[in-house]
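Read through the structure below, which is laid out as structure tokens, and then see the notes.
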Amino acid sequence: MPLKHQLAWVIGLLAFIPNLVIVLTFWASARGQSLETSLFLLVWLLVLALIAAGVGYILASTLLRPMDELTRSLYYLRGAGRTLAELSLPSPKQRPPAEIEQLREGFEELLDYLRELLEAREATYAALTHDLKTPLLASLRALEYLEEADKIGPEKRKEMLRNLRDELNRSYLLVENLLTASRLEAQRIQPENLNLRSILEDFRLRYAQQAQKRGLRLEIEGAGQVRAERLLLERALANLVENALRHAQSRVVLRAGDDWLEVEDDGPGLPDSLEALTQPFRSQRLRGVRAGSAGLGLYVARRVAEVHGGQLESLALPGQGTRLRIRVPGGQAASHYRPPLI
């Protein structure tokens, strides 16, 4: 039953019941009166019922008129055929009550949020297209050159193949981080009990060759347990390790403790605040410096921590390299967490 009808019933009953009591009391005291008197009282009850119903409907319509106007405004938004950037609620014909005004403000804030989200997504797609196109285009050119170059020698060919592998790896990491970021916003996590020392051992083996090529020592310290989704936690840790290997001068240390993982390097440190670096696609001058390809690396690490109820922290002192910690306190997933707009 519509709210207007419910409110009309309540108002009508409140108006009719007291009159009904009075009439019934008079009727009871007037027993033995003529049939005409009884018929008159019955007709009067029917008239009172009609009057109460009319008063209830009129008052309900008056009270809910601002709500009806807001509803029509929302239907207008749905059928306006405009872009999100052009949508706004029509101005009310008269000043609505405070409660309806709060509702209107809430809808306007929601529209503003959606507009900002749309702008951020457009910037995301633009940056993604640029960052994905660059390594793919470089790879295509390298393949075209290798196809025609018969006399470049094995060493030059190996060097070009290594460069080709690096470019394709950049594209792969970008797509993988993008898929992870999308999954974090769309699905619930599936936590399990994890041995962090085992994860560190796996990472040391995975990145040993890369660290050796760059002349870096890759060390692991500590141990602990955590309840988290393994693939997500490993993706976040991999982003931190790859950044550390890219910027370290002599060593990278992976640490673990109960409910946290940490990556430290002796490089130049973060070029900006961690908050700025974990906002993907916003800072063009920082792209590729620490945020990773398209700024997704640190953003994904931050979001992985947040969906597990934790956070990404920067613990290094100024001038002492970089030390980032993924803290997952008990693996309590923040299922309904919504981050600031990217």
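The values are calculated or read from the model by the stated rules, or taken from the named source; none is laboratory data. Nothing here was measured: the structure is a model prediction, and the numbers come from that model. Reconstructed Cβ throughout: ideal geometry from the backbone, glycine too, with neighbour counts over all protein chains shown. The accessibility values were calculated without ligands, DNA or RNA, using every heavy atom of the protein model including side chains. Shrake-Rupley method; radii C 1.70, N 1.55, O 1.52, S 1.80 Å.
Against the condition within 25 Å of the chain's Cα centre (by Cα), open to solvent by 60 Å² or more (accessible area, probe 1.4 Å) and aliphatic (A, V, I, L, M), how does Leu179 come out, does it pass?
On the way: within 25 Å of the chain's Cα centre (by Cα): yes; open to solvent by 60 Å² or more (accessible area, probe 1.4 Å): yes; aliphatic (A, V, I, L, M): yes.
Considered against the rule, which asks whether it is within 25 Å of the chain's Cα centre (by Cα), open to solvent by 60 Å² or more (accessible area, probe 1.4 Å) and aliphatic (A, V, I, L, M), Leu179 comes out as yes.
If Pro135 passes every condition in (1) in contact with an Asp or Glu (Cβ under 7 Å, 6 or more places away or on another chain); (2) modelled with pLDDT of 80 or more but one, which one does it miss?
All conditions are met except number (2).
Mind checking which residues of region 174-195 are in contact (Cβ under 8 Å) with a residue 40 or more places away in the chain and in contact with an Asp or Glu (Cβ under 8 Å, 6 or more places away or on another chain)?
Within region 174-195, Leu174, Ile189, Pro191 qualify.
Do you know which of the residues in region 219-257 that are outside any strand (DSSP E or B) and among the small types (Gly, Ala, Ser) is most open to solvent (accessible area, probe 1.4 Å)?
Going residue by residue through region 219-257, those that are outside any strand (DSSP E or B) are 223-224, 229-250.
Next cut, among the small types (Gly, Ala, Ser) only: 223-224, 236, 238, 244, 248, 250.
On the way: Ala223: 61, Gly224: 8, Ala236: 0, Ala238: 3, Ala244: 1, Ala248: 18, Ser250: 43 Å².
Checking each candidate, the answer is Ala223.
Can you tell which of Arg251, Arg206, Arg217 is of a type in the set (D, E, K, R) and closer than 30 Å to Leu137 by Cα?
Numbers: Arg251 fails: closer than 30 Å to Leu137 by Cα; Arg217 fails: closer than 30 Å to Leu137 by Cα.
Only one candidate qualifies: Arg206.
If Leu168 passes every condition in (1) without any contact (Cβ under 8 Å) to a residue 60 or more places away in the chain; (2) closer than 30 Å to Val226 by Cβ but one, which one does it miss?
All conditions pass for Leu168, except number (2).
Suppose we filter region 187-207 for residues that are aliphatic (A, V, I, L, M), open to solvent by less than 80 Å² (accessible area, probe 1.4 Å) and part of a helix (DSSP H, G or I); how many remain? If you could, list the steps in order and put the result at the bottom.
Kept after step one, since they are aliphatic (A, V, I, L, M), are these residues of region 187-207: 189, 194, 196, 199-200, 205.
Next cut, open to solvent by less than 80 Å² (accessible area, probe 1.4 Å) only: 189, 194, 196, 199-200.
Subset that is part of a helix (DSSP H, G or I): 196, 199-200.
Counting residues in region 187-207 that are aliphatic (A, V, I, L, M), open to solvent by less than 80 Å² (accessible area, probe 1.4 Å) and part of a helix (DSSP H, G or I) gives 3.
Among Arg82, Arg78, Arg95, which is under 30 Å from Glu119 (Cα atoms) and either at pLDDT 75 or above or outside any helix (DSSP H, G or I) (or both)? So that I can check it myself, show each step before the final result.
Details: Arg78 fails: either at pLDDT 75 or above or outside any helix (DSSP H, G or I) (or both); Arg95 fails: under 30 Å from Glu119 (Cα atoms).
Only one candidate qualifies: Arg82.
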